[in-house]
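The values are calculated or read from the model by the stated rules, or taken from the named source; none is laboratory data. Please read these numbers as outputs of a predicted model, since none were measured by experiment. Cβ sites come from the backbone with ideal geometry, for glycine too, and all protein chains shown count toward neighbours.
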Amino acid sequence: MNIRRHPVAAPLSLLILLFMWLPLIVVAVNSFNTDTIMAGWGGFTGHWYSLAWNNQDVRTGLKTTLIIAVASSVLSLIVAVTGALWWRNASPKARAVYDGLIFARIILPEVVFATALFFLFLKVHFSLGLTAIVIGHTVWNSAYAAIIVQARMAGLDPALEEAAADLGATPWRAFRRVTLAALMPAIIAAGLLAFTFSFDDVVTSVFLQGASDSPLPVVILGMIRFRITPEINAIGLMVMLFTVTIMSLAVIIYATAGSLGRAGRRGSMLDMYR
Amino acid sequence: MTTTTTTAAPAVDLAGVEKRFGDFVAVRHLDLQIQPGEFFSIIGPSGCGKTTTLRMVAGFEDPTAGRVSVGGRDMTGVRPYRRPVNTVFQSYALFPHLDVFENVAFGLREARVGKAEVRERVAEAIRLVQLEGREGSRPRKLSGGQQQRVALARALVNRPEVLLLDEPLGALDLKLRTEMQNELKDLQRGVGVTFCYVTHDQGEAFSMSDRVAVMNLGLLEQVGTPEDVYHRPASLFVADFVGKANRFHGRVESGGPGTYTVAIEGIGQRRVPGPDGLAPGAEVAVVVRPENLRLAPAQDGDGVGASVVDAAFLGAVRTVRLQSSRLGELTAAAGGAAGAPVPGSTVSLTWDADHAWLVPTAETPRIAAT
């Protein structure tokens, strides 16, 4: 029996899609709804947006989130790129271990890492706060970044740097003009991905924020605990649009950079992510 | 490109060069000179040390012992980016993030050549390899043959003293290979740059090269013109590597230098040309190429009798497999146009005295013939 042609398949898919998207549509619509309790459509307003924009907690949260997201994505990239450079010349055994560690960070529940880091920081008397959150985000964000950068690294002909040296480039120039330049689409995509993941994060942030300012997602969580106002919808839609824009940018950059053509490929379990 | 006479220093001079990787000896005591303006090829089976040799000239590997000179200058300790040589890599190693123009311009930009001159020289190099109009393409948009041309232009634009080519046609299909062989040869004659070409394909090397070196297991077996290497092989390895060879076991009785009287097992005394320095009593193999074996009807008296096992039609020639009670299994080449020898029929084999060559066999103490 062909499952794809089954009479139930299409309506069921539609239902699932609707179920997934309906909440988002409701949020979007209500962000412009005059009706405070959101019982029905009370007319169009931009009031919630100006309210959200002038909410001091939201502003502080946004600033905190941006600082954390930028810092942790830069750190993630450093970890991912240096790791990929090492990985290129590592023995198959060392590579397998490294790849395994990357997957562990992706597969294990975030809450496990957050708890572990929380206890670790307490144990070594590292004060919780912004820095702790940045480290926490970097731990799992760098795994995603590493997968993207490594996939491209695997597609790079190992002879490229030799070719550059052969054409008169010093090792540093060869690295910059060839390896780093060829990796750049992956680096940008990985950076944007890490940024959005960090921007969205609640769990790690809650565990590690200590007494410092909360990042935006935690602020939002705090707001709905008291009272759900249409203001939340406005914030939600803005966060959504922002995240989607950055994610799309990442995908577009990576896709248009395209394949690397014929090249000395090296096998990796990460190839399935290409 | 100013030095094209053989009186100048060799373009490449390898003196006592050795390369070890741990316990593995990739290249053993190699002495080799490549003359300016020469199309020189190094051939041998994979693992023979030919690519390692090329990489030592390029500077990617340092010799464990010995000295590499380019244009009379000692290259010991000179990093690849300071050497007056350029390489065409087997994988081409084109920069995937740069277009054709920038790939070709890469070396000039590293050398801080002025903008106007870069434009001019890149355009000239692109014209040379007939890629006009593709300047803006990324390498992955090009066919294998076009990528090959970009790699050539990218190397030649720097006007190297020596161009090193590492199996550059390996990835191309047969028809394109043949075309590129002709083009490479014309290109080399045109620009006059010394080419050092590495390949495992003897036919490819023969068709283009002024001289070839044959390597095996890290050892240089022979250096000479393609004709030398093919018709006057210095060892059984060379005889077999560069083409099909019929070999008959024998012993030198007298003679030399130049021509010897040899007792060939099964058929008796013959006059056979060979290298200098073979002493009477030396064990030798008499090598006769298939196309030099003449087949005649059996009634012709003085030949060696053999029966036809099989005749394979290959177009221009037929490969005839023969079985002789006196010489064992043989291969002969007959013209494709002539009638096919009938399997099972008996023929008489002869060869011209100067169409055979003596090769000392391994057990023979070799007297240095220089």
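With the structure loaded, tell me whether B:P84 is touching a residue at least 40 places away in the same chain (Cβ under 8 Å) and within 14 Å of chain A (Cβ to nearest Cβ) or whether it fails that test. Here the answer is yes, as B:P84 does meet what is asked.
When you look at A:V112, is it more than 14 Å from chain B (Cβ to nearest Cβ), in a helix (DSSP H, G or I) and within 19 Å of A:T196 (Cα to Cα), yes or no?
Details: more than 14 Å from chain B (Cβ to nearest Cβ): yes; in a helix (DSSP H, G or I): yes; within 19 Å of A:T196 (Cα to Cα): no.
So A:V112 fails the test.
The sole residue among B:A285, B:A334, B:A312, B:A296 that is in contact (Cβ under 8 Å) with a residue 60 or more places away in the chain and either part of a strand (DSSP E or B) or within 22 Å of B:R232 (Cα to Cα) (or both) is B:A285. Quick one: would you say A:P171 is surrounded by 19 or more Cβ atoms within 10 Å (Cβ to Cβ) and either touching a strand residue (DSSP E or B) at 6+ places or on another chain (Cβ under 6 Å) or within 14 Å of chain B (Cβ to nearest Cβ) (or both)? Taking the combined requirement at face value, the residue does not satisfy it.
Against the test of being more than 14 Å from chain B (Cβ to nearest Cβ) and under 30 Å from B:D99 (Cα atoms), the options A:S205, A:S248, A:S212 yield a single qualifying residue, A:S248.
When segment B:6-43 is limited to residues that are surrounded by fewer than 20 Cβ atoms within 10 Å (Cβ to Cβ) and in contact with a His (Cβ under 8 Å, 6 or more places away or on another chain), the one that is farthest from the other protein chains (Cβ to nearest Cβ) turns out to be B:G16. Quick check, is A:D35 among the charged types (D, E, K, R), over 22 Å from A:M247 (Cα atoms) and in a loop (DSSP other than H, G, I, E, B)? Against the criterion (among the charged types (D, E, K, R), over 22 Å from A:M247 (Cα atoms) and in a loop (DSSP other than H, G, I, E, B)), A:D35 qualifies. For segment B:150-157, check the following and say yes or no: at least one residue is surrounded by 24 or more Cβ atoms within 10 Å (Cβ to Cβ), within 12 Å of chain A (Cβ to nearest Cβ), touching a Lys or Arg at 6+ places or on another chain (Cβ under 7 Å) and on the phi < 0 side of the Ramachandran plot. The answer is yes, given that some residue of segment B:150-157 is surrounded by 24 or more Cβ atoms within 10 Å (Cβ to Cβ), within 12 Å of chain A (Cβ to nearest Cβ), touching a Lys or Arg at 6+ places or on another chain (Cβ under 7 Å) and on the phi < 0 side of the Ramachandran plot.
Flag not set for B:S46, criterion: closer than 23 Å to B:R189 by Cβ, more than 10 Å from chain A (Cβ to nearest Cβ) and not β-branched (V, I, T).
For segment B:123-138, the criterion of being surrounded by fewer than 13 Cβ atoms within 10 Å (Cβ to Cβ), within 13 Å of chain A (Cβ to nearest Cβ) and outside any helix (DSSP H, G or I) is satisfied by no residue at all.
Listed conditions (1) outside any strand (DSSP E or B); (2) under 26 Å from B:G107 (Cα atoms) are all met by B:Y230, apart from (2). For B:G71, the conditions (1) out of contact with any helix residue (DSSP H, G or I) (no Cβ under 7 Å at 6 or more places or on another chain); (2) over 14 Å from B:R159 (Cα atoms) all hold with the exception of (2).
Beta carbons closer than 8 Å, at least 6 apart along the sequence or on distinct chains, pair a first residue in segment A:143-169 that is under 11 Å from A:A190 (Cβ atoms) with a second that is in a loop (DSSP other than H, G, I, E, B) for A:Q150/A:S268; A:A151/A:S268; A:A151/A:R274; A:R152/A:L260. Within segment B:125-141, residues that are more than 12 Å from B:L152 (Cβ to Cβ) have Cβ atoms under 9 Å from residues that are of a type in the set (S, T, Y) and in a loop (DSSP other than H, G, I, E, B) in these pairs: B:P139/B:Y92; B:R140/A:S259, counting only partners at least 6 apart in sequence or on another chain. Looking across B:M180, B:M215, one residue alone is hydrophobic (A, V, I, L, M, F, W, C) and at pLDDT below 90. It is B:M180. B:A105: part of a helix (DSSP H, G or I), of a type in the set (G, A, S) and either buried (at least 20 other Cβ atoms within 10 Å of the Cβ) or more than 9 Å from every other protein chain (Cβ to nearest Cβ) (or both), yes or no? Yes, satisfied. Number of residues in segment A:132-168 that are surrounded by fewer than 24 Cβ atoms within 10 Å (Cβ to Cβ), under 25 Å from A:Y254 (Cα atoms), within 12 Å of chain B (Cβ to nearest Cβ) and small (G, A, S) equals 2. Could you tell me whether segment B:45-57 includes any residue that is under 16 Å from B:L164 (Cα atoms), of a type outside the set (A, V, I, L, M), touching a Phe, Trp or Tyr at 6+ places or on another chain (Cβ under 7 Å) and modelled with pLDDT of 95 or more? No, every residue in segment B:45-57 fails to be under 16 Å from B:L164 (Cα atoms), of a type outside the set (A, V, I, L, M), touching a Phe, Trp or Tyr at 6+ places or on another chain (Cβ under 7 Å) and modelled with pLDDT of 95 or more. Residues in segment B:87-101 that are under 33 Å from the mean Cα position of the chain (by Cα) and more than 9 Å from every other protein chain (Cβ to nearest Cβ): 3 in all.
A quick yes/no check of all residues on (1) touching a strand residue (DSSP E or B) at 6+ places or on another chain (Cβ under 7 Å); (2) crowded, with 18+ Cβ neighbours inside 10 Å; (3) acidic (D, E):
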position: A:W21; (1), (2), (3): no, no, no
position: A:D35; (1), (2), (3): no, no, yes
position: A:G42; (1), (2), (3): yes, no, no
position: A:L51; (1), (2), (3): no, no, no
position: A:N55; (1), (2), (3): no, no, no
position: A:V70; (1), (2), (3): no, no, no
position: A:A84; (1), (2), (3): no, yes, no
position: A:A90; (1), (2), (3): no, no, no
position: A:V97; (1), (2), (3): no, no, no
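Look at segment A:18-29: where a residue is within 16 Å of A:F44 (Cβ to Cβ) and a partner is of a type in the set (A, V, I, L, M, F, W, C), sitting 6+ places away or on another chain with Cβ atoms under 7 Å, you get A:V27/A:L237; A:A28/A:L237. Among what's in segment B:108-118 and is surrounded by 10 or more Cβ atoms within 10 Å (Cβ to Cβ) and assigned to a loop (DSSP other than H, G, I, E, B), pick the residue that is nearest to the other protein chains (Cβ to nearest Cβ). So the residue we want is B:A111.
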